[in-house]
Amino acid sequence: MVLSLLLACAPDYAVHEICVEHEEGFDIEAVSVLQDAAGYPGSRDAVTMRLAPEGDVESWTIAHIEVLAMVPEWVFGNYDGGDVLQLDVFDGHDPRTAPHYSLRKPIDVHALDWSPVRLPDDAFWAGLRDELDQRQAWMRFDLTEVLPEEGLQSEEVTLGLTWGERGLPTIGYSNFNLDCGANWTDYGDGVWEANGADGDQLECSWPMMRVELETRSYAQDCAGTSQTVE
């Protein structure tokens with residue numbers, strides 16, 4: 001998707017276009033597979049990843065994030081939703097110090113496209129509860145009105161989830177093949193703890209997420225609609 005704004009100044013200046021483009025920033029399914037469904041009541045979980053796009057762009061930000069919401073099959077038929085899940089964005093690699101933005105969203109069961117799934121027998125959280133049979137649906141968070149208009153400043157961004165007291169909905173978690181040094185958890189006391197250190201080669205399970213980026217760059221030609229700005 002490409003939008004453009006024509007910038008028109010005095011006649012002595014060249015007319016350029018601000019091209020606004022959306023592109024995939026991260027897809028958990030490209031690097032791992034669904035392993036578990038977990039929800040941590042009153043707690044937070046986050047991962048740090050490098051999302052800054054390659055190439056010459058004026059600014060960039062995150063447009064949308066999808067997380068894989070899960071509901072046990074035996075609960076699903078009587079689940080009305082309404083539980084609030086909070087998405088957290090930290091503009092930096094350390095959630096203890098980076099600028100923080102958040103978006104709270106109640107789960108609307110009837111608005112999502114659910115499909116049945118059976119988790120692997122070695123799923124930890126769901127296995128403890130004998131809840132291998134689940135329903136899954138991608139839950140979309142629109143960040144276009146949440147993050148600053150000038151874009152994100154750090155090449156690394158930390159993305160997190162905050163659960164309410166019921167820990168619902170649970171979230172799909174990947175297989176244990178991703179870097180623990182990029183994984184953070186707040187166990188309910190308000191303190192972020194790193195689950196590993198760079199280079200320790202420990203492998204963790206990450207929340208199932210898909211990230212869509214928005215970039216802005218100047219160009220002589222930009223396909224799509226345009227608007228002249230005096």
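The values are calculated or read from the model by the stated rules, or taken from the named source; none is laboratory data. Note that the coordinates shown come from a computational prediction; the quantities given were computed from them, not determined experimentally. FYI the Cβ positions are ideal-geometry reconstructions off the backbone, even for glycines, and counts take in every protein chain you see.
For the range 201-214, check the following and say yes or no: at least one residue is under 21 Å from residue 45 (Cα atoms), in contact with a helix residue (DSSP H, G or I) (Cβ under 9 Å, 6 or more places away or on another chain), in contact (Cβ under 8 Å) with a residue 60 or more places away in the chain and among the basic types (Lys, Arg). Taking every residue of the range 201-214 in turn, at least one turns out to be under 21 Å from residue 45 (Cα atoms), in contact with a helix residue (DSSP H, G or I) (Cβ under 9 Å, 6 or more places away or on another chain), in contact (Cβ under 8 Å) with a residue 60 or more places away in the chain and among the basic types (Lys, Arg).
Being over 18 Å from residue 171 (Cβ atoms) and not in a loop (DSSP other than H, G, I, E, B) narrows it down to one of 110, 93, so name that one.
Working: 93 fails: not in a loop (DSSP other than H, G, I, E, B).
When all the criteria are applied, what remains is 110.
Does residue 168 count as more than 30 Å from residue 121 (Cβ to Cβ), of a type in the set (A, V, I, L, M, F, W, C) and not in a strand (DSSP E or B)? Don't jump to the end; show me each part of the working.
Working: more than 30 Å from residue 121 (Cβ to Cβ): no; of a type in the set (A, V, I, L, M, F, W, C): yes; not in a strand (DSSP E or B): yes.
Here the answer is no, as residue 168 does not meet what is asked.
Which of the following residues is polar (S, T, N, Q), in contact with a helix residue (DSSP H, G or I) (Cβ under 9 Å, 6 or more places away or on another chain), crowded, with 20+ Cβ neighbours inside 10 Å and modelled with pLDDT of 85 or more: 48, 61?
Working: 61 fails: in contact with a helix residue (DSSP H, G or I) (Cβ under 9 Å, 6 or more places away or on another chain).
Going through 48, 61 in turn, the sole match is 48.
Of all residues in the range 166-194, those being among the small types (Gly, Ala, Ser) and in contact with a Leu (Cβ under 8 Å, 6 or more places away or on another chain) number 3. Each residue in the range 61-90 was checked for being in a strand (DSSP E or B) and charged (D, E, K, R), and 2 of them qualify. How about the range 113-134: which of its residues are loosely packed, with under 11 Cβ neighbours inside 10 Å and in contact with a Phe, Trp or Tyr (Cβ under 8 Å, 6 or more places away or on another chain)? Of everything in the range 113-134, just one residue is loosely packed, with under 11 Cβ neighbours inside 10 Å and in contact with a Phe, Trp or Tyr (Cβ under 8 Å, 6 or more places away or on another chain), namely 113.
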